[in-house]
1. For Lys201, go through the lysines and keep the ones whose alpha-carbon is under 17 Å away, minus same-chain ones fewer than eight residues off.
2. Provide, in order from the shortest bin, the percent of all Cα-Cα pairs of the stretch 286-443 in each 10 Å bin, continuing until the bin that contains the maximum pair distance.
3. Can you spot the aspartates and glutamates whose alpha carbon is less than 14 Å from Lys355's alpha carbon? Ignore those fewer than 8 places along the same chain.
4. Answer with one residue from Ala137, Ala203, Pro334: the one whose Cα lies farthest towards the positive end of the charge dipole of the chain, charges on Cβ with Lys, Arg +1 and Asp, Glu -1.
5. Taking every pair of alpha-carbon atoms in the stretch 355-430, give the share separated by more than 15 Å as a whole percent.
6. Which lysines have a Cα lying under 20 Å from the Cα of Lys112, excluding residues fewer than 8 positions away in the same chain?
7. Kindly put Phe164, Phe302, Phe174 in sequence by how many other C-beta atoms sit within 10 Å of each C-beta, fewest to most.
8. So who's got an amide H within less than 5 Å of the one on Ile316, skipping anything under 5 residues away but keeping other chains? H placed 1.01 Å off N, in plane.
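FYI, it's all coordinate maths here, none of it is from the lab. As the structure is a prediction and not an experimental result, all values here were calculated from the model. A quick note on method: Cβ atoms are made from the backbone with ideal geometry, for glycine too, and the neighbour counts reach across all protein chains shown.
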Amino acid sequence: MSVRVTFERIGAHTHIRGLGIENGKAKFKSQGMVGQQRAREAAYIIVQMIKRGKMAGRAILLSGPPGTGKTAIAIGIAKELGKDVPFIYLSASEIYSAEYSKTEALMRAIRKAIGVKIKDLREVIEGEVKKLEVKMAPHPYNPYQQIPESIKITIATKDEEKTFSAGTEIALAFIQQGIREGDIIMIDKETGKVTKLGRSKEAPRLYDIEGEEYLDRPTGPIIKEREFIYVMTLHELDLRRARGGSLLSLFFTTSEKEISSDIRREVDEWVKNLVEEGRAEIIPGVLFVDEIHMLDIEAYAFLNRALESEMAPIIIFASNRGFTKIRGTDITSPHGIPMDLLDRLLIIITEPYTKDEMREIIKIRMREEDVKLTDEALERLVEMAQEHSLRYAIMLLAPTKEVIQLKNKDIADVEDIEYVANLFSDYKTSAEHLKEYEKLYLS
Ligand SMILES: Nc1ncnc2c1ncn2[C@@H]1O[C@H](COP(=O)(O)OP(=O)(O)OP(=O)(O)O)[C@@H](O)[C@H]1O
Ligand SMILES: [Mg+2]
């Protein structure tokens, strides 16, 4: 799926840090959000429901004219949910890619939106580093460079002492983390992941390191079991399974492989077993499907089925269309959404902005993009937002910055804004322009 497109679209919303709610009420301006209070409060209730696990398998529609903050509110929801709840942004047109079929693209997005919180007992080596010897060797391709070839470590607890030898990878991890004698460390036995926990209270103090945590030397055996908690998505588990590795290995893989339905079934079974044993918890995340007029009847059928399955994410749709044809059919319906799905949607409406709200949003974006305008220039831009669209006015900020830099100025005035607006047209003007010349272009 196109990462680049997604990234660019999110770029317009970098100022959004949450929904700006205090005691359940939306403040006029908070966390980068301005106005649209009813929709923000509704979105906040959805966030609470998701956190309490009451939303899985349900769907929400954000509905409103272009530029009224539907995508911004979805980003706000993601910020409120925090990093452990998966939030996947999908622009509906992304499902029509050459790489996978439509349904495979949707399936991947859905499985990325379901997290599994895994509690795992792992065998680790834990203790204070008593002795550390790194053996260096010349780099095979560059003999002038020395690289660590192996490492010999003596590790001790209060009750035990052991010496281990390991290869390049672990030696490198020690060097990169600046681990020295007297540090307390942990090594995951299966994967070799090295973690520095702190410095032993019994070791000599190192004055050049600030914020070091001083710990008691561990007691008991050096090799022991430790509990880890981490969140993985079903999609990550699918990739691991497809690669053939252990599902619990902490090493991350990014290799994209074809994923068969057998693999997904195996992963689901494995997850269900973990849940039954009390070793895992499913975290339904959010799949945000933006610009849904691009979804066709097959995509809707697939999503509707997905919502009914046992492990389902919360789906948030956004639409700026009224009555329109369901893609792939001749049926007209509200937002171009099939009736059976419409019936199960909670709908949040976004309203056009007032002049004051637009001004505040533009001011936030000026700060975000580091562009200064005179008061008059700002007013002119606010007028343009009203005449054309908020999005158009915001989009003019970046070229305006370029223009004043060329002129060696710090601050843009009305002329600069009008100059830029004259160079870059809004889509209505450009479409009308084409219409006027259509005959000429086509002949
Ligand atoms: N309430 C708001 N507070 C702060 N910024 C906002 C707000 N609403 C919109 N914006 C900003 O204004 C711009 C346009 O809004 P956004 O893209 O969210 O509109 P949209 O409803 O998704 O439009 P479309 O239907 O065209 O997709 C974005 O940069 C967005 O971050
Ligand atoms: Mg949008």
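1. Leaving aside lysines fewer than 8 places away in the same chain, those within reach of Lys201 are Lys130, Lys131, Lys158.
2. Percent of pairs per bin, in order: 9, 27, 22, 24, 15, 3, 0.
3. The reachable aspartates and glutamates, counting only those whose Cα sits under 14 Å from Lys355, are Glu379, Glu383, Glu387.
4. Ranked along the dipole, the leading option is Ala203.
5. Within the stretch 355-430, distances greater than 15 Å cover 47 percent of Cα pairs.
6. Lys51, Lys54, Lys79, Lys83, Lys102, Lys257, Lys272
7. Final ranking by Cβ density, sparse to dense: Phe164, Phe302, Phe174.
8. Residues meeting the amide H criterion: Ile60, Leu287, Phe288, Val289.
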